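Q: Below: one structure in structure tokens.
The values are calculated or read from the model by the stated rules, or taken from the named source; none is laboratory data. What you are looking at is a predicted structure, and each value in this text was computed from that prediction instead of being measured. Cβ: placed from backbone, ideal geometry, glycine included. Neighbour counts: every protein chain shown. Side chains included, ligands, DNA and RNA excluded: accessible areas come from the protein's heavy atoms. Shrake-Rupley method; radii C 1.70, N 1.55, O 1.52, S 1.80 Å.
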Amino acid sequence: MPEKSYNKKIDHDLGIPLQDDYFYNEPEEIIETNQIKEIESAVKLSEKLKTKKEKRVINADVLIVGAGISGMQAALDIGDKGYKVVIIDKTSTIGGSMVKLDKTFPTNDCSICTAAPKMVEMSRHPNIELITYAELNSLEGKKGDFKANVWKRSKYVDPDKCTGCNDCVEVCPVDVVSSFDEKITTRKAIYIEFPQAVPIVYTIDHENCVGCGSCDRVCEPGAISFLEKSEEIKVNAGSIIVATGFEVFEPTEMRREYGYGKYENVITAMQFERLLSSFGPTEGKPVRLSDGKKPKTIGWVQCVGSRSKQLGFPYCSRVCCMYATKEASIVKEANPDIGISIYYIDIRAYGKDFQQYYDHAKDLGVRYIRGRPSSIYENKDKSLTIRYKNTLTGEIKEDTADLLVLSTAIIPNRDNKKLGETLGIDVDENGFFKQQSLLNNPIQSTKDGIFLAGCIQGPKDIPDSVSMASGAAAKAVEPIKDRERHIGKDFPAEIDVTGEEPRIGVFVCHCGKNIASYLDVEKVTKAAEKLPNVVYAEHVMFACSEDSGKKIKETIKEKKLNRVVVAACSPSTHGGLFRDTLLEAGLNKYLFEMANIRNQCSWVHSDDWDAATKKATYLVKAAVAKVGLLGPLTEEEFSIIPKTLVIGGGISGMKAALALANMGIKSILLEKNSKLGGRLRELHSMFPSDTKTEDIINPLIEEVTKNKLISVMADAELVDVDGFIGNYEGIIKQNGKNKKVKFGTIIIATGFREIDLEGAYQYGKNTNILSQTELEKNIKNNSFKKKPKNVVFINCAGAMDKKRPYCCRVGCGVSLKNAKLVSEKFPDSKVYILYRDMRVFGKEEEEYYSDVLENHHVTTIRYAGDKKPKVNLDKDDPKNSSVTVKVFDDILNEEIKIPADLVILTINVEGEVSTESLKNMLKIPADAGGFFMEAHAKIRPLDFATDGIYLCGAAHYPKNLVDSIAQAEGAASRAAIPIMQETMTGEGAVSEVNKDLCSGCGTCESVCTYSAIEIQPRSDNPERSVAVVNKALCKGCGACAGACPSGAIDQKGYKSNQIDVMLEALLKEVTA
Amino acid sequence: MQGNKEIDAIKFKEGGLAAEVEELSGENVFACYQCGTCSAGCPFIDDMDLGPDEAIRYVMLDRKEVLNSNTIWMCASCYTCAERCPRDLNITKIMEALRQIVLRKKIDRTKVVKITKKEKESIPQLAFVSLFRKNIG
Amino acid sequence: MKLLYFPGCTLKTSAKNLEKSAFAIMEALGHEMVEMEDWTCCGVVASLTGDDLMHHLAPLRSLIHVEDQGENKVVTLCDMCCNTLKQTNLRVKENPDDLETLNLFMDRENDYKGTVKVIHFLEFLRDEIGFDVIKKKVKRPLKGIKIMPYYGCMLLRPREVAIDDAEEPTILGDLLSALGAEVVDNPFKIECCGSYHTVENKELVSKRAHRITTFATERDSDAMMLSCPLCKFNLDTRGKEAEKMFKGYKQIPTYYYTQLIAVAFGLDLSVCGFENHAVDPTLLLKKRGIIKK
């Protein structure tokens, strides 16, 4: 639990109010809440209660049910566009399931560190209203005009008075099983879910509270308020987004052979995440639940309850293979002595960088065993015996595991059926919400105006949830697009600090255990107090948390600080957050400096307490020295051209353009071929519903062409682009002619292509060896000359090898679909699929797989990566006759020879040919496979690090139709934000040219990668030149400042004198 | 597995073994995705030459050598595999189908039972009845 | 209460003690069990192939005779009989066409109307008597004995005819607790004993008995309790033979649940037929002072 974050209690008698900017920053009218703050006597109270008979009404634009990562992403997207969002969550905090995780795959980023900034942004957003501990009671109305009744339960704690000090928890006598910690520990009846909770208000669990009043007696601010009633709030909204997330299946009724609930050391994977979490019950140590000791061996059993036609759920839960790999590799890396095994059937490492992550886990020593255990039993010492067959070696074995983790199925939230009835939307047979059309409209539920986001539609990982949430945001804006919008935060007027002596406040962050376990935070703070100009120094548990933000603002006001130093993590993590805190306190955001005592200190010197403490002290000293010399900076404002350029006219590009048009935004749809449709033109049908491609793209092409807001440019390519976000000027070559266009944002939807196999598997040498695309073309055109007797599909051709270590994600599904097509066209043929893992993970895909196997009698043969199948041509007629396929069956451990009349290769894919040129033109990165690299693999999958450019579809990574459409609509939502904001501000720390020193040599222009500095003729003397900075384009990288031979360029915020004092501060310490 | 002249003489169409098994048992062997659960839970796996999962794979691959294995005779129809199979395959019925294919050709597994008088008197009747029902056509 | 009873062949021969003790219990509970008329061997193994109706004839005939006697419920003591009769009952209920064929074939019998419910004696004790009633009647609580309940296959599988949960059954454990004994859980309680392999392949069955018993003794179990006559033979007789195969191995005694109930009720020990065991089960009871030496 967090320590007290205040050194001294706020003295209410002195009338110093708490900042009230963190909870409701409502632009609309809110009635009674303001009055509850000042209740002093019972008489006044009863009067207030009388007036409370009226229900509070909130007029919003969008109502979002569920505030996990999906709900939050959707809320932020819509709020950023200027619409009002009301978001409710049934628990007492936002954050959802993502905050329960320790780290996320495949980047191993700390989960709470990536989610918390979004949570704090939610609490600070002027257009978002959070109603936690609330549920939806009823819903009436239709799209554009919904009337919802929200039941907000009382927390019995006054949010304005609670300081998060934790005194109440220490005296509460009631222990309740904690659902946040997945039942492996208890909490009190008064509690906060986790330390970084937003809103940071303790909650009394009414059902378990015994009413003893102990909490009330110890609460100094007097925040406990048993008279605070639950209330029904009426919310009017135009659209609704449902993002209520998932739960984890507990095998207590079904699949009892695994001993869950019977044996202490058998736990679910979510429980294991809580063990690994630094703020979990064991503070990050994986221990056996029976005795709290470190386990010698840990085992993971996959597919418990998933992929089960009986005693479970028939679908694949999509994320378990990866989270088990993640948990296993994290534990193995930290504890190489622990024996780790994962028992699986297929390892579905299908996503971007997933296969490489899986390979790395194997390198670390994680044992992967292909064999689903039959039963688990407990030994005398409470360890478990796992009985399984290793299907790749044929042995029956019994392994011991001190701790057994079950990767159980992802099931829909238990309240789903009830919520579905309240909303009037359909639930499918597994309990997930049904979409209107899986392949055409995966985000729209079965009722118009209600949209689905995240796992509530089907299990999925974080990037896919976030993409879908952005897509839901785009769709939710359609019914309300013409409503009034309100952009931007209203900050208090900036305090003028010119002429003042620096008064510096230093806040040193514990970052939980991340910093405080490796260096003496207290000592660093004490040393900071003694520094010149420092008037206040203290250490806090999590500087990025909401209550620390409050603290910083209060301290700024109280101590009249005019400069702030935060010693914590990297500026790229929370720098923006702290700058916003300064703005809210009325200070210019550039009067701020961070000392990175985490990434640059505690993380790299974790084995030397004294040295790390000393280094942290120097870093703070340097930051303090610099901040004293920092002055306020201004940011340039510029307008946005309200048009988006969508590059690529395939399914993703078209869906993105349509989503933009439905939000009222113009777009240019660029397609290099003469017709729209992309790859779907070549294909026959899509899985898992076997819909014909023409039924998907033809209506779509018609809709796009008819739409007045979309201007389609076919036979066109982007050849040059200039400018920056909001102000792009591009040259498009169409039919040989160059055309100039202007646009504000760009969406890249260029898709993918098959790689060149370079003759592998004899591809190209025989007319009976085809690619999947060629097969579909032939089936479409009915151009098969003879009936094939044996058809062999070879998956993973050119994939997951040294050259291309990645998985193509869609190959398994495509091969199943085409196996079905072939078997339907040639019912007498025998179809084989040679595979490495069967990676069918999406909604309804596992059921499709089951159907193909059973009803079409397809034989699947597994082969190992180092023993690839061989295709042998016939000596007499190598070009046209049948071939022989030799494959080493990994399960039967013998070579199988199949005479094949038709061989279909599932060829790996890479980024489209245009990747290279686009990469350079737009200055955006792409990986070795030619796929563009997003800003953050988990929570910013649709953005680039460069603002204004967005990504969707197979250009990001190959994906199936459902995921492509969700991403495309998501990218449209992202691209619409700057346009709807209408203006943007640039960077404040830009370069500045001293005209007197500048010789006009042009060195700076040549080193600038953003084309932000230009040599122009002087205004007073046109014969001579001078460098001029474009403040809108300048990113503040400092390259020009470093390159200038005359020393004429200084970068604001990093001026020479400011750097000099840092060096002095550091070196003085050393020489002393 | 030892070859057996009588069993080897049983003829099937191409793909007929799986079809015959499906007809007799009502179970579609192609549904199997070789997870190994059945073999891991089988009480007699140590004495079988093919595990139940391998036997099913043989049927899938149209290999009638599976009829020569002792697997189908070692099976005691304890239903453990059928209860746990994630594909909801009733492997007990599949084993019975394989036995019936042999037995209905009048190829008996148990020909003469040599046991002592004492054994005959102490072994429960139901053991004899079930043995003969299972192993004799 | 008068209950119609289907013995099956084994109950009349090798498992006479099971029948005798069950009748004694019924008397002690104040109920009557009456052997049904004209029953035949059930055939032991349920017909497993879709086209095999022949093997359903024998069980069906017995069910018809239950109806003929004006009853709609019949109780069995043998696990295998229970399973086979229940499976046949289920088959004809779900496939009325098959029932018609069978009825027509057995033209000398009355038609089966599908009204009979087949229950196992354990189900009767649990559902219609109640273990709390049994607990009240206990005069000699089995204090100090650690017993592993053994279920075998036929009581619990397939799920459609099971009398308790197939992976985590509690019925025998609950019964043991009612009798005052200490229940030892054992993951092998639901494993197959070897069944009919005991005729042709007795070493295999001895190995099974050894494995199951070792799990029990590792968990400090003194004895095993079971309900099936074949399981009892396999664990008891074949288990004793395993003593020759595994050095230092000693087979622990096995009891039918009816014998233990009879002992606990304080009934005369002659109804238990303890002399028909390979491992003398009276020694343990004497040692713990449950019965006199």
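Q: Tell me the residue from A:Leu709, A:Leu683 that is on the phi < 0 side of the Ramachandran plot and buried (at least 21 other Cβ atoms within 10 Å of the Cβ), please.
A: The unique qualifying residue is A:Leu683.
Q: How many of the residues making up the range A:353-382 are of a type outside the set (A, V, I, L, M) and within 13 Å of chain C (Cβ to nearest Cβ)?
A: First, the residues of the range A:353-382 that are of a type outside the set (A, V, I, L, M): A:353-360, A:362-363, A:365, A:367-368, A:370-375, A:377-382.
From the residues that got through so far, the ones that are within 13 Å of chain C (Cβ to nearest Cβ) too are A:373-375, A:377-382.
Selection size over the range A:353-382: 9.
Q: For the range A:178-194, check the following and say yes or no: at least one residue is within 30 Å of A:Asp464 (Cβ to Cβ), modelled with pLDDT under 90 and assigned to a loop (DSSP other than H, G, I, E, B).
A: Scanning the range A:178-194, I find no residue that is within 30 Å of A:Asp464 (Cβ to Cβ), modelled with pLDDT under 90 and assigned to a loop (DSSP other than H, G, I, E, B), so the answer is no.
Q: Is it the case that C:Gly194 is of a type outside the set (Val, Ile, Thr), under 23 Å from B:Asp47 (Cβ atoms) and in a loop (DSSP other than H, G, I, E, B)?
A: Spelling it out, C:Gly194 is indeed of a type outside the set (Val, Ile, Thr), under 23 Å from B:Asp47 (Cβ atoms) and in a loop (DSSP other than H, G, I, E, B).
Q: Turning to a different aspect of this structure: Is it the case, given these coordinates, that C:Arg91 is within 14 Å of chain B (Cβ to nearest Cβ), open to solvent by 40 Å² or more (accessible area, probe 1.4 Å) and touching a residue at least 24 places away in the same chain (Cβ under 8 Å)?
A: Criteria met by C:Arg91.
Listed here are the residues, each with its yes/no results for (1) more than 7 Å from every other protein chain (Cβ to nearest Cβ); (2) in contact with a helix residue (DSSP H, G or I) (Cβ under 8 Å, 6 or more places away or on another chain); (3) modelled with pLDDT of 95 or more.
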| position | (1), (2), (3) |
| --- | --- |
| C:Cys193 | yes, yes, no |
| C:His197 | no, yes, no |
| C:Glu200 | no, yes, no |
| C:Ala216 | yes, yes, no |
| C:Arg219 | yes, no, no |
| C:Pro229 | no, yes, no |
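Q: Check C:Ile212 against each of (1) among the β-branched types (Val, Ile, Thr); (2) more than 19 Å from B:Asp46 (Cα to Cα); (3) within 14 Å of chain A (Cβ to nearest Cβ); (4) touching a residue at least 40 places away in the same chain (Cβ under 8 Å) and name the one condition it does not meet.
A: (2)
Q: Additional query: Working only within the range C:1-18, note down all residues that are in a helix (DSSP H, G or I), at the interface with chain B (Cβ under 10 Å from one of its Cβ atoms) and either surrounded by fewer than 18 Cβ atoms within 10 Å (Cβ to Cβ) or modelled with pLDDT under 90 (or both).
A: Of everything in the range C:1-18, just one residue is in a helix (DSSP H, G or I), at the interface with chain B (Cβ under 10 Å from one of its Cβ atoms) and either surrounded by fewer than 18 Cβ atoms within 10 Å (Cβ to Cβ) or modelled with pLDDT under 90 (or both), namely C:Lys12.
Q: Same structure, new question: Can you tell me which of A:Ile88, A:Ile64, A:Ile69, A:Ile78 is crowded, with 19+ Cβ neighbours inside 10 Å and in contact with a Leu (Cβ under 8 Å, 6 or more places away or on another chain)?
A: Of the residues listed, the single one that is crowded, with 19+ Cβ neighbours inside 10 Å and in contact with a Leu (Cβ under 8 Å, 6 or more places away or on another chain) is A:Ile88.
Q: Determine which member of the set C:Thr84, C:Thr115 is β-branched (Val, Ile, Thr) and either surrounded by 15 or more Cβ atoms within 10 Å (Cβ to Cβ) or out of contact with any Asp or Glu (no Cβ under 8 Å at 6 or more places or on another chain) (or both).
A: The unique qualifying residue is C:Thr84.
Q: Go through (1) open to solvent by less than 10 Å² (accessible area, probe 1.4 Å); (2) in contact (Cβ under 8 Å) with a residue 40 or more places away in the chain; (3) within 26 Å of B:Gln34 (Cα to Cα) and name the single condition A:Leu853 misses.
A: (2)
Q: Still on this structure, please answer the following. When the residues of the range A:391-406 are narrowed to those that are assigned to a strand (DSSP E or B) and buried (at least 17 other Cβ atoms within 10 Å of the Cβ), which ends up nearest to the other protein chains (Cβ to nearest Cβ)?
A: Step one: list which residues in the range A:391-406 are assigned to a strand (DSSP E or B), which gives A:395-401, A:403-406.
Right, trim to buried (at least 17 other Cβ atoms within 10 Å of the Cβ) and you get A:396, A:399, A:401, A:403-406.
On the way: A:Ile396: 5, A:Asp399: 11, A:Ala401: 15, A:Leu403: 18, A:Leu404: 14, A:Val405: 18, A:Leu406: 14 Å.
Only one residue fits best here, namely A:Ile396.
Q: Taking interchain pairs and intrachain pairs at least six residues apart, which have beta carbon atoms under 8 angstrom, with the first residue in the range A:466-485 and open to solvent by 10 Å² or more (accessible area, probe 1.4 Å) and the second among the charged types (D, E, K, R) and in a loop (DSSP other than H, G, I, E, B)?
A: A:Pro479/A:Lys143; A:Arg483/A:Asp61; A:Arg485/A:Lys81
Q: Can you tell me which residue in the range C:19-56 is nearest to the other protein chains (Cβ to nearest Cβ), limited to those that are under 26 Å from C:Glu67 (Cβ atoms) and assigned to a helix (DSSP H, G or I)?
A: If we take residues in the range C:19-56 being under 26 Å from C:Glu67 (Cβ atoms) and assigned to a helix (DSSP H, G or I), then C:His55 is nearest to the other protein chains (Cβ to nearest Cβ).
Q: Next up: Residue check, A:Arg372 against (1) open to solvent by less than 30 Å² (accessible area, probe 1.4 Å); (2) of a type outside the set (Val, Ile, Thr); (3) outside any loop (DSSP other than H, G, I, E, B), all met but one. Which one?
A: A:Arg372 satisfies all of (1) open to solvent by less than 30 Å² (accessible area, probe 1.4 Å); (2) of a type outside the set (Val, Ile, Thr); (3) outside any loop (DSSP other than H, G, I, E, B) except (3).
One line per residue, one yes/no per condition, for (1) under 21 Å from the mean Cα position of the chain (by Cα); (2) crowded, with 23+ Cβ neighbours inside 10 Å:
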| residue | (1), (2) |
| --- | --- |
| A:Trp300 | no, yes |
| A:Val304 | no, yes |
| A:Gly312 | no, no |
| A:Glu327 | yes, yes |
| A:Asn335 | no, no |
| A:Arg348 | yes, yes |
| A:Lys362 | no, no |
| A:Ile376 | no, yes |
| A:Asn379 | no, no |
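Q: Sticking with this structure for a sec: What number of residues within the range A:722-746 are within 24 Å of A:Glu969 (Cα to Cα) and either of a type in the set (Val, Ile, Thr) or in a strand (DSSP E or B) (or both)?
A: Within the range A:722-746, the first condition is being within 24 Å of A:Glu969 (Cα to Cα), and the residues that meet it are A:724-728, A:730, A:741-746.
Within this subset, residues satisfying the condition of being either of a type in the set (Val, Ile, Thr) or in a strand (DSSP E or B) (or both) are A:724-725, A:727-728, A:730, A:741-743, A:745-746.
Total meeting the criteria: 10.
Q: Could you pull out every one of the strands (runs of 3 or more DSSP E) wholly within the range A:574-670 that has 3 or more residues that are free of Cβ contacts under 8 Å to residues at least 40 places away in the same chain?
A: Where strands (runs of 3 or more DSSP E) fall fully within the range A:574-670 and carry at least 3 residues being free of Cβ contacts under 8 Å to residues at least 40 places away in the same chain, they are A:592-596.
Q: Which one is nearest to the chain's Cα centre (by Cα), of the residues in the range A:142-178 that are open to solvent by 50 Å² or more (accessible area, probe 1.4 Å) and without any contact (Cβ under 8 Å) to a residue 40 or more places away in the chain?
A: Ranking the qualifying residues of the range A:142-178, first place goes to A:Val177.
Q: Just to be sure before I move on: is A:Cys219 farther than 26 Å from A:Ile128 by Cα, surrounded by fewer than 18 Cβ atoms within 10 Å (Cβ to Cβ) and not acidic (Asp, Glu) in the structure I sent? First the steps, then the outcome.
A: On the way: farther than 26 Å from A:Ile128 by Cα: yes; surrounded by fewer than 18 Cβ atoms within 10 Å (Cβ to Cβ): no; not acidic (Asp, Glu): yes.
No; evaluated as a whole, the condition is false for this residue.
Q: Could you grab me the full set of residues in the range A:1006-1025 that are surrounded by fewer than 20 Cβ atoms within 10 Å (Cβ to Cβ), in contact with a Lys or Arg (Cβ under 9 Å, 6 or more places away or on another chain) and in contact (Cβ under 8 Å) with a residue 12 or more places away in the chain?
A: Selection gives A:Thr1009, A:Tyr1010, A:Arg1018, A:Arg1024, A:Ser1025.
Q: Only one of A:Asn599, A:Asn533, A:Asn514 is at pLDDT below 95 and in contact with a Pro (Cβ under 6 Å, 6 or more places away or on another chain); which?
A: A:Asn533
Q: Consider C:Gly289 against the criteria (1) small (Gly, Ala, Ser); (2) more than 18 Å from the chain's Cα centre (by Cα); (3) part of a helix (DSSP H, G or I): it satisfies all of them except one. Which criterion is unmet?
A: (3) is the only condition that C:Gly289 fails.
Q: Output the residues belonging to the range C:253-273 that are assigned to a helix (DSSP H, G or I) and farther than 19 Å from C:Lys146 by Cβ.
A: Scanning the range C:253-273 gives C:Thr258, C:Ala262, C:Phe265, C:Leu269, C:Ser270, C:Val271, C:Cys272.
Q: Kindly establish whether A:Val887 is open to solvent by 60 Å² or more (accessible area, probe 1.4 Å) and either at pLDDT below 95 or within 14 Å of another protein chain (Cβ to nearest Cβ) (or both). Spell out how you get there, then give the answer.
A: Working: open to solvent by 60 Å² or more (accessible area, probe 1.4 Å): no; either at pLDDT below 95 or within 14 Å of another protein chain (Cβ to nearest Cβ) (or both): yes.
Criteria not met by A:Val887.
Q: When the range A:229-252 is examined, which residues are found to be open to solvent by less than 30 Å² (accessible area, probe 1.4 Å) and either more than 24 Å from A:Ser179 (Cα to Cα) or aromatic (Phe, Trp, Tyr) (or both)?
A: Across the range A:229-252, the qualifying residues are A:Ile233, A:Val235, A:Ala237, A:Gly238, A:Ser239, A:Ile240, A:Ile241, A:Phe249.
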